[in-house]
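Below you'll find the structure, written out as structure tokens, and then a few comments.
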Amino acid sequence: AQKVTQAQTEISVVEKEDVTLDCVYETRDTTYYLFWYKQPPSGELVFLIRRNSFDEQNEISGRYSWNFQKSTSSFNFTITASQVVDSAVYFCALSALNQGGKLIFGQGTELSVKP
Amino acid sequence: GAGVSQSPSNKVTEKGKDVELRCDPISGHTALYWYRQSLGQGLEFLIYFQGNSAPDKSGLPSDRFSAERTGGSVSTLTIQRTQQEDSAVYLCASSLQRESSEQFFGPGTRLTVL
């Protein structure tokens, strides 16, 4: 069975602080895909990144970076120099090959960035 | 281009009534998914459609839930004899392929069962 755990329910930081959102996953499949989505207060889920299980290169996009480590089954997300607009709920998700693409979501981490 | 659209945006119904929720996917996307987001259960997969293949209904919580996708495009999720525990936000998503592609989500339909 697949499972995604986001142990941090809520995080509160002050603007310009760096923050890391943790994601740990479980799957028996050797081929799988990991995702991060952002859900701002408006409610619509916004895609941030996709990673496949064979690509462990870390990725950086502006102030966002992702650290994928198969050895620890983790796919952590770091926001550098956080801004108030980063306030949202962030979801980590897993999709395994031969599961039709359905996403298994973690419980989400609510990030609050205060000015 | 246009994103995924859903209607209605809000639906309030009485317990026992049937409801229909609609999803218009992004044009050209062959895969369509329904999810449910509720406080107690988080984001849960309900059902997905891929082209002309039989849908994967493994996430539907009961036989009161059904969905169809006509002409490979628009999809309707139907909940019969609604119960209060059906209250949630129902999200639709579409993608170009299946496992490897990112899913684009609609704004959701907030269902409240009184």
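Laboratory data are not the source of any read-out in this text; all were calculated from the coordinates shown. All values derive from a computational prediction rather than experimental measurement. So basically every Cβ, Gly included, is an ideal-geometry build from the backbone, and we count neighbours across all protein chains shown.
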- [ ] State, in angstrom, two size descriptors of chain A derived from its alpha carbons: Rg to one decimal place and Dmax to the nearest whole number.
- [x] 13.8, 45
- [ ] Work from the charge dipole of the protein assembly as shown (Cβ charges, +1 for Lys and Arg, -1 for Asp and Glu, about the Cα centre) and give the residue of B:F105, B:Q84, A:T109 farthest towards its positive end.
- [x] B:Q84
TODO: Between the alpha-carbon centers of the stretch B:3-30 and the stretch A:55-115, tell me the distance in whole angstrom.
DONE: 28 Å
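Expressed as a rounded percentage, what relative contact order does chain A have, with Cα pairs under 8 Å and six or more residues apart?
Working: 283 pairs, mean separation 43.9, N = 115.
Worked out over chain A, it gives 38 percent.
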- [ ] May I ask you to derive the FRET efficiency for B:S5 and A:Q69 from their Cβ-Cβ distance with R0 = 41 Å, giving the value to the nearest 0.05?
- [x] 0.60
- [ ] Set Lys and Arg Cβ to +1 and Asp and Glu Cβ to -1, take the dipole of the protein assembly as shown about its Cα centre, and tell me which of A:Q39, B:S7, A:S65 lies farthest positive.
- [x] B:S7
Open item on the list: Let me spell out the model: positive unit charges on the Cβ of Lys and Arg, negative unit charges on the Cβ of Asp and Glu, origin at the Cα centre of the protein assembly as shown. What dipole size does that give, in debye rounded to 20?
Closed with: 400 debye
Task: Rg ratio (alpha-carbon, reference 2.2 N^0.38 Å) - the protein assembly as shown - done: 1.02
Task: For the stretch B:14-114, the spread of Cα positions along each principal axis, largest first, Å - done: 37, 25, 22
Open item on the list: Using the Karplus curve 6.51 cos²θ - 1.76 cosθ + 1.60 with θ = phi - 60°, what ³J(HN,Hα) values do you get for each residue of the stretch B:12-19, in whole Hz, with x for Gly and Pro?
Closed with: 10, 9, 8, 3, x, 7, 8, 10
TODO: Output the pairs from A:K102/B:K15; A:K38/B:K17; A:K70/A:K102 with a Cα-Cα distance over 31 Å in this structure; if there are none, say none.
DONE: A:K38/B:K17
Open item on the list: Give me the extension gain from A:E56 to A:T31: residue separation times 0.36 nm, minus the current Cα-Cα distance, reported in nm with one decimal.
Closed with: 7.7 nm
